[in-house]
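Worksheet: one structure, shown below.
The values are calculated or read from the model by the stated rules, or taken from the named source; none is laboratory data. For clarity, every value in this text was computed on a predicted model and none was experimentally measured. Don't worry about glycine lacking a Cβ; one is built from the backbone with ideal geometry, like all the others, and counts go over all protein chains shown. Areas reflect the complete protein model, heavy atoms only, side chains present, ligands, DNA and RNA absent. Shrake-Rupley method; radii C 1.70, N 1.55, O 1.52, S 1.80 Å.
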Amino acid sequence: MPQTLSVIKADVGGYVGHSAMHPEVLGVGQEALVRAVQSGLLIDGHAASCGDDLFLIMSHERGENDEPIHKLAWDTFVAGTDVAKRLRLYGAGQDLLVDAFSGNIRGAGPGSAELELEERPSEPVVVYLGDKTSAGSFNLPLYKMFADPFNTAGLVIAEALHAGFAFEVHDVKEHRKIVLNTPEEAYDLLVFIGSPARYAIKRVVARATGEVAAVSSTDKLSLIAGRYVGKDDPAAIVRCQGVFPAVGEVLEPFTTAWTVEGFMRGSHYGPWMPTAQAQATPSRFDGPPRVVALGFQLAEGKLVGPRDMFDDPGFDNARAEANRVADYLRKHGPFEPHRLPLDEMEYTTMPAVAAKLGDRWAEI
Ligand code: F6R
Ligand code: MG
Ligand code: MG
């Protein structure tokens, strides 16, 4: 029986402002998952936070897009929202865009990444949690993990990886997808994934075995809601070792603090800082954007872990780099390229301001 790993996440209220999660909200998440294990719905579950987002990491045998699993996540977010409302947390229920659950979490606000696997004798996985950034931010790190031999030595010297990987890319605006194979179609792939606001890597498959190596959430809140409702802080799941890159190869892309969309008001470029879970509390200018890596060994679906993978001095330089880049970009204030380009601002708070001044413009 194949197992499924589902990561479903939502911002149901921040503490303080949008900076972190109140322990009681995280507690609601963890308790709900424990009950779901007791009832037999889940094999195992772990609730985690990154900034103001609640991530439910769930292991089960029900496949992707399973209604009871999605309902469990939805009900848990609703229960977290109730706590957030009682504590007057900020933006309670922010990501729950519909009044009632109707079978699937997709299109309802929360983000999801789900991966089916036949568990190997030893199955290391890394779950990435992002905050103050956007769907598509994993494009660059996923490319480096699975297609860049300067990052992943195994692509060159390990027979199992030599066949390369297939990338499923989603066009989040036109709702279409394409699969491109690396290494031979790497240049074609980069044409698209180099624009992460429009094209996001949904899935990576090992060509040697056809197994899914990685998935990421590609849900775009603003495109669902038709207006700015906060950023779609993304999640990703990556399998490691054997036909997949080693754990160290999967973490290596985050030794650089890549520039991503998000930061203050979801309207700025900023450096993506890899941190331990305890430091995933974006405060300065509501940032810099954060990424946490939780490592697990699966044992018949049990989540042995997590290990807090960025809680390591090996990432100190990336954190220092992120602070330097943030200092530099912040000096630009309201100017590009710190502020997002105009077409991206369409999905932020700007249209309302522009509309107000609409009839003040005169022909030149
Ligand atoms: C970014 C984010 C924050 C808020 C900002 C304003 O993803 O969540 O930067 O956009 O704090 O928040 P509101 O509009 O809720 O006052
Ligand atoms: Mg928030
Ligand atoms: Mg958030």
- prompt: Relative contact order for the chain: what is it in percent, counting Cα pairs under 8 Å that are at least 6 residues apart?
  reply: 18 percent
field: Asn65/Asn317 FRET efficiency (R0 45 Å; Cβ-Cβ; nearest 0.05)
entry: 0.65
query: Once the piece of chain linking Arg86 and Glu31 is laid out straight, how much longer is it, given 0.36 nm per residue of separation minus the C-alpha distance between them?
result: 18.0 nm
query: Of Glu174, Glu61, Glu31, which is the most mobile in a GNM of the chain whose springs link Cα atoms less than 10 angstrom apart?
result: Glu174
field: Rounded accessible area per residue of segment 73-178, 1.4 Å, Å²
entry: 42 Å²
Using θ = phi - 60° and Karplus 6.51 cos²θ - 1.76 cosθ + 1.60, couplings along segment 110-119 (whole Hz; Gly, Pro as x): x, x, 9, 9, 10, 9, 9, 8, 9, 5
query: Given springs between every Cα pair under 10 Å in a Gaussian network model of the chain, which of Ala293, Ala208, Ala235 has the largest fluctuation?
result: Ala208
- prompt: With r defined as the distance between the Cβ atoms of Leu223 and Val191 and R0 fixed at 22 Å, what FRET efficiency is calculated, to the nearest 0.05?
  reply: 0.55
statement: Taking Lys and Arg as +1 and Asp and Glu as -1, residues besides Val243 with C-beta under 11 Å from its C-beta add up to +1
message: Tell me the per residue accessible area of segment 188-276 using a 1.4 Å probe; a whole number in Å² is fine.
response: 30 Å²
- prompt: Can you tell me the accessible area per residue over segment 286-364, all protein chains present, probe 1.4 angstrom, in square angstrom?
  reply: 63 Å²
query: Quick one: length gained pulling Thr209 to Ala153 fully straight, 0.36 nm per residue minus the C-alpha distance?
result: 18.2 nm
- line: On the accessible surface of the chain, probed at 1.4 Å with all protein chains in place, carbon and sulfur together account for a percent value of 54 percent
task: Would you mind getting me the FRET efficiency between Glu363 and Asp327? Use the beta-carbon distance for r and R0 = 56 Å, nearest 0.05.
output: 0.85
- line: For 17-28, 94-105, 70-81, 323-334, ranked highest to lowest by mean beta-carbon neighbours within 10 Å, the order is 70-81, 17-28, 94-105, 323-334
